[in-house]
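Below is one structure; the comments refer to it alone.
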Amino acid sequence: MPYQNILVAVDLGVTTDTVADRAAQLAQQNRAQLHVLHVIEPLAITYGGDIPMDFSAIQDEIHSQAKEQLNKLCDALSVPSANRHLATGRPETEIPTQARSGNCDLIIVGSHARWGLALLLGSTTDGVMHSADCDVLAVKVDTDG
Ligand code: AMP
C-alpha cells in the first residue's frame, strides 16, 4: 500500500536538500501529502541551564530565522503552509510526536556516518527509530565535513 502522509525532518543544515529532495520524490511516487518539520532546540536544553542568562531575545531570533529557512525550503518544494511545522524541544521526541499528530505513515530523516563520541551518544535518527510508531527511512547523507 502506498504511503499517504510523509513527514520529513530537516535540521536546516548542509544535508537538508538531499533529505528533502528524496522525501519530495517519494511523496510524488506515492501520491502522498508531504509534511516538513524543523525542531528548534531551546538554548536552555543545549546549555543545561548552566549559564544564568535570559536567552529569550536570541531564541526569538533563532525562531524567526528557522521559520524563514523552512518557508524557503517548502516554497521550493511546493509544500502547503498547513504542512510546514516548527516545533521546540528535542528532535528525537518532537519528530515522532509530530508524525503521530499528523497521522504520518512514514518519517524520513538523514543518516550521517558517526565516529567516536558521536557514535556513543547516538543520533537523532536512532532516537526516532526507537519511538516512532510508523516506518522510518534514513537517507544516507554522508559529507566530508
Ligand atoms: P543527527 O542526529 O544530527 O545526525 O541528525 C540526523 C537527522 O535527524 C537529520 O538529517 C534530520 O533529518 C534529523 N534532525 C536532526 N536535528 C533535527 C532538527 N533540529 N529538526 C528536525 N530534524 C532534525
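The values are calculated or read from the model by the stated rules, or taken from the named source; none is laboratory data. Since this is a predicted model, take the numbers as computed values, not measurements. Quick reminder, even Gly has a Cβ in these numbers, built from the backbone with ideal geometry, and neighbours come from all protein chains shown.
Restricting the first member to the range 53-80 and to residues that are farther than 26 Å from ALA24 by Cβ, and the second to residues that are outside any helix (DSSP H, G or I), the beta-carbon pairs closer than 8 Å and six or more apart or on different chains are PHE55/PRO42; GLN59/ILE40; GLN59/PRO42.
Only one of the numbered conditions (1) of a type outside the set (D, E, K, R); (2) within 13 Å of the ligand (Cβ to nearest atom); (3) assigned to a helix (DSSP H, G or I) is not met by GLY110, and that is (3). Within the range 56-72, can one find any residue that is modelled with pLDDT of 95 or more and within 19 Å of ASP126 (Cβ to Cβ)? There is no residue in the range 56-72 that is modelled with pLDDT of 95 or more and within 19 Å of ASP126 (Cβ to Cβ).
Taken over the range 85-107, the criterion of being outside any loop (DSSP other than H, G, I, E, B), surrounded by fewer than 18 Cβ atoms within 10 Å (Cβ to Cβ) and not aliphatic (A, V, I, L, M) is satisfied by THR88, THR93, THR97, ARG100, SER101. Only residues that are assigned to a helix (DSSP H, G or I) and under 15 Å from the mean Cα position of the chain (by Cα): list them for the range 73-84, please. Residues satisfying the conditions are LEU73, CYS74, ASN83.
The sole residue among THR46, THR16 that is within 15 Å of the ligand (Cβ to nearest atom), modelled with pLDDT of 95 or more and either buried (at least 19 other Cβ atoms within 10 Å of the Cβ) or farther than 16 Å from VAL109 by Cβ (or both) is THR16.
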